[in-house]
Amino acid sequence: MTETHTANSITIVDPNEFEASFSERDRFALEVLVGLSESRKRLPSRFMYDDEGSRLFTRITEMDVYYPTECEIETLRRNVDRIVSTVGSEPFNLVEFGPGNGRKARILIEPLLEAGLEFDYVPIDIAREYIDEIVTAFRESYPTLSIKALVSDYFAGLKWLTGQSNRKNIGLFLGSNIGNFSHAEARIFLRNMWSSLNPDDTVIIGFDLKKDIEMLLLAYNDPGGITAEFNLNLLRRINREIGGHFDCAKFRHFGTYDVFSGGMESYLVSKEDQTVAIDGIGRSFSFKAWEPIHTEYSYKYLISDIEQLARDTGFVVKEHLFDSNDWFVDSIWTVHKDGNADGDASAC
Ligand code: TRP
């Protein structure tokens, strides 16, 4: 583990330094091999965000039909005073899981600095590039902000932090990131978060809400085809990085919604019978005409689902913050741990 102290109290901690031998490219190749070998083919959505994918995702967030990003920004802006008052006056860590470009954190950091509160901003991400970018940008925008950036798995980073600081933690898990987990994965994720935090720590979690079906379908099937390009970029990334021979014209994007589970589901569907070689993994994969590859779930929630999820994973809901249309919610929870160190044994 290395700690690098730089000017104006920025600390970069890299708890994963010794695990770097299994490269991101190897991991990608392995997951492509496993996912495309299954009878229900799938590719993990986390690989959508290479440089090209991140650029396309930014364009998605700028489209009128893709409402979640703007809704959450509005939610944070109109409720910023309530968030600042939740924090209290003691020194704390503002821990952000997956900060992206830091656009949302800025909405909170500015008033927190103005209120003269003492805190470290702790962005955690496995991708070094994101962390480097955010540290550089925030160092310039906020010279007085103390940043302790962690290049790490979320929970390894969080455990490291709570092991060396007794401060109260305010965790941010924004966007509709939680929606990209299945319901079972979301419970495991939140229970892991719970066990890595101290009693009375706070988390603020973004959830996209169940809403008009036409609106959902449009958000994930925009008429300009940017979402389709974003999804197809996964095949292009396989071509670029691991020697795939996908012809993107022979696949189409398809986004559909399961009203019961609340799952917005994205697929790439083969338009014809075809066999595609991937040189980097030494295998070919056959696709039947109209056979799908699943690429992403984006679950939408009811407020009652969110409250149940909080209870089941050991949290107490403090407040739900909404945008002006009630399309999105940032839900504020606190960690509940009683005398029993294992908490509620029925969770998960
Ligand atoms: N994860 C984001 C979401 O659930 C990104 C996203 C938007 C997405 N549109 C998509 C992912 C289409 C896959 C396919 O909203």
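Just so it is clear, none of the values below were taken in a lab; they were calculated from the coordinates. Source: prediction; values computed, not measured. Positions of Cβ are generated from backbone atoms using ideal geometry, with glycine treated the same way; all protein chains shown enter the neighbour counts.
For the chain, give the share of DSSP beta bridges that are antiparallel, in percent and rounded to the nearest 5; count only bridges with both residues there. Don't jump to the answer; show the numbers that get you there.
Working: 40 of 65 bridges.
So the antiparallel bridges in the chain amount to around 60 percent.
Per-residue ellipticity at 222 nm computed for the chain from its helices equals -11500 deg cm²/dmol, with DSSP H segments shorter than 4 residues left out and the rest contributing -39,500 (n - 2.57). Close amide H partners of Ala277, meaning residues 5 or more places away or on another chain with modelled amide H under 5 Å apart, are His245, Phe285.
Each Lys or Arg adds one and each Asp or Glu takes one away; over the other residues whose Cβ falls under 11 Å from the Cβ of Asn180, this sums to -2. Database remark: amide H of Gly263 closer than 5 angstrom to the amide H of Asp258, Lys300 (H placed geometrically; neighbours at sequence offset of 5 or more, or on other chains; Pro and chain starts carry no H). Shape of the range 116-175 from its Cα gyration tensor (a ≥ b ≥ c, root eigenvalues): rounded if a/c is under 1.5, otherwise prolate when a/b > b/c, or oblate? Verdict is oblate for the range 116-175.
Charged neighbours of Glu90, selected by a Cβ distance under 10 Å, balance to +1 (K, R count +1; D, E count -1).
When you count the other C-beta atoms within 10 angstrom of each residue and take the mean per peptide, 132-145, 285-298 line up highest first as 285-298, 132-145.
The HN-Hα couplings worked out from phi for the range 172-187 by the Karplus form 6.51 cos²θ - 1.76 cosθ + 1.60 (θ = phi - 60°) are 10, 10, 9, x, 9, 4, 4, x, 7, 8, 5, 4, 5, 5, 4, 5 Hz, whole numbers, x standing for Gly and Pro.
Backbone geometry of the range 123-140 corresponds, through the Karplus equation with coefficients 6.51, -1.76 and 1.60 at θ = phi - 60°, to 3J(HN,Hα) couplings of x, 10, 8, 6, 8, 4, 4, 4, 5, 4, 5, 5, 5, 4, 5, 6, 4, 6 Hz, x marking Gly and Pro.
With a/c under 1.5 counting as rounded, go ahead and sort the range 193-254 into rounded, prolate or oblate using the C-alpha gyration tensor (a ≥ b ≥ c being the square roots of the eigenvalues; past the cut-off, prolate if a/b is larger than b/c, else oblate). Can you show the working numbers first?
Numbers: a/c = 4.93, a/b = 1.57, b/c = 3.14.
Verdict is oblate for the range 193-254.
With respect to the chain, whose longest principal axis is taken over its alpha-carbon atoms, helix 226-242 is tilted by about 80°.
Annotated for the chain: lysine pairs at least 8 residues apart or interchain, Cα distance under 18 Å, count 16.
Principal-axis analysis of the Cα atoms of the chain puts helix 68-78 at an angle of about 10° to the longest axis.
Among 148-157, 175-184, sorting by the average number of other beta carbon atoms lying within 10 angstrom of each residue, highest first, gives 148-157, 175-184. Residues in the range 289-300 carry Karplus couplings, in order, of 4, 6, 7, x, 10, 6, 10, 7, 9, 9, 7, 9 Hz; the curve used is 6.51 cos²θ - 1.76 cosθ + 1.60 with θ = phi - 60°, and Gly or Pro positions show x.
Using only C-alpha atoms and all pairs of different ones, pull out the Kirkwood radius for the range 64-131 in Å with one decimal. Don't jump to the answer; show the numbers that get you there.
Numbers: mean 1/r = 0.0760 Å⁻¹.
For the range 64-131, inverting the mean 1/r across all distinct Cα pairs yields 13.2 Å.
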